[in-house]
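Take a look at the structure set out below.
Just so you know, all these numbers are worked out from the coordinates, no wet-lab data involved. Since the model is a prediction, treat every value here as computed from it, not as a measurement. We place every Cβ from the backbone using ideal geometry, glycine too, and count neighbours over all the protein chains shown.
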Amino acid sequence: MIVLHQFARVWDIPNLSPFCTKVETYLRMAGIPYQVADAVPPRAPKGKLPYITDDGQTISDSRLIIEYLKVRYHADLDQGLTPPELAESMAFQRLIEDDLHWAMMWSRWSQPHNWPANKEAIFGKFPPLLRDVIAWWARRQIHKEIWGQGLGRNTEHEIFHIGKQDLTALSAYVADKTFFMGDRPTTLDATAFGLLSNILWCPIESPLKTHAQSLKTLVAFCERVRERYYKD
Ligand SMILES: N[C@@H](CCC(=O)N[C@@H](CS)C(=O)NCC(=O)O)C(=O)O
C-alpha cells in the first residue's frame, strides 16, 4: 500500500504543508487507499515533504507523485480535459505553487505576530533549547529562499498585494463551478485546496487570509472539498 510521508497533523487541517495536502487530497479524490506516516524534511530523499513509498519505490515531489499515481493506479483525474484546459490548469497550478505559496510563506515565517504559532506547529515537539536553535536556523533558510525566489525583495505591502491578486484570479476562475475545471475534481482542485485550506483555516492572521475570507467562491470551494473528501 502507498505510504504518504508528511508532516504530523496540526491545526485541525489536513496538513500544514500545501504540497502534502495536495497529494493526500488527490489520493482521496481518486479513491486510492493509502496510509500516512509522520516525517520531517531532513530525512526526506530530497529534503522536502511529501514523498511516497509504494511497492519498493520512493517518489518525491508532489508533481511527480501525481504523475506516478496517474500511471500506476490508472487514476488520471485530468483525463478528458482538452489541451487548452490542461494548459490553463497547469498555469493556475504554477500560480498557486510558484507565487501565492511564497506570499503564504511570508505570512508564516516573517510576520512577527505569526511566528510563535508557526514555530510551535512545526517545532513544538522538540525539547526547548533544541527547538529554538532548529527553528532559528530553519527560519533563516526560509528567508533566504523567499529572497532567492524574488518575492521577498518586495515590501510586505507589495508581497500581500501580489498574493491578493492571485487569490482574486483563482476566485474569478472557479466562480460558481463545483470544481475549478467543471463538475468533477482534477489535479488543480487538489493543488488549490492544498494552499487555500492553509490560508483560510490556520491560526495565521494576514491580509491574505482576510482577502481569501472575503472571496466567497473560494470559501465555498474549500468547504465543498472538505465536505466531500475530509468528513473524517
Ligand atoms: N516542489 C515540491 C515542494 C515541496 C515543499 O516545498 N515542501 C516543503 C513543505 S511545504 C518542505 O518540505 N520544506 C522543507 C524545507 O524546505 O526544508 C513538491 O511539489 O512536493
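What the pair-distance distribution of the range 70-139 shows, using all Cα-Cα distances binned every 10 Å from zero, is 17, 28, 21, 21, 12, 1 percent. Pairs of C-alpha atoms in the range 161-232 farther apart than 15 Å represent 49 percent of all such pairs.
Taking every C-alpha pair closer than 8 Å and separated by at least 6 residues, the mean separation divided by the residue count of the chain gives a relative contact order of 25 percent. Over all directions, the projected convex hull of the C-alpha atoms in the chain averages 12.5 nm² in area. Sorting the segments 109-115, 209-215 by their mean number of nearby beta carbons within 10 angstrom, highest to lowest, gives 209-215, 109-115. Under conditions of 4 °C and 1.567 mPa s, the range 83-186 yields 82 µm² s⁻¹ as its translational diffusion coefficient, taking Rh as the Kirkwood radius over Cα pairs in the Stokes-Einstein equation. Peptides 123-131, 28-36, 12-20, ordered by how many other C-beta atoms sit within 10 Å of their residues on average, highest first, read 12-20, 28-36, 123-131. The packing ranking, built from the mean of other Cβ atoms within 10 Å per residue, places the peptides 76-87, 181-192, 149-160 in the order 181-192, 149-160, 76-87, highest first.
Diffusion coefficient (Stokes-Einstein, Kirkwood radius over C-alpha pairs, 37 °C, 0.692 mPa s) for the range 159-203: 290 µm²/s, rounded to a whole number. When shorter helices are ignored and each DSSP H run of at least 4 residues is given -39500 (n - 2.57), the per-residue value for the chain at 222 nm works out to -18000 deg cm²/dmol.
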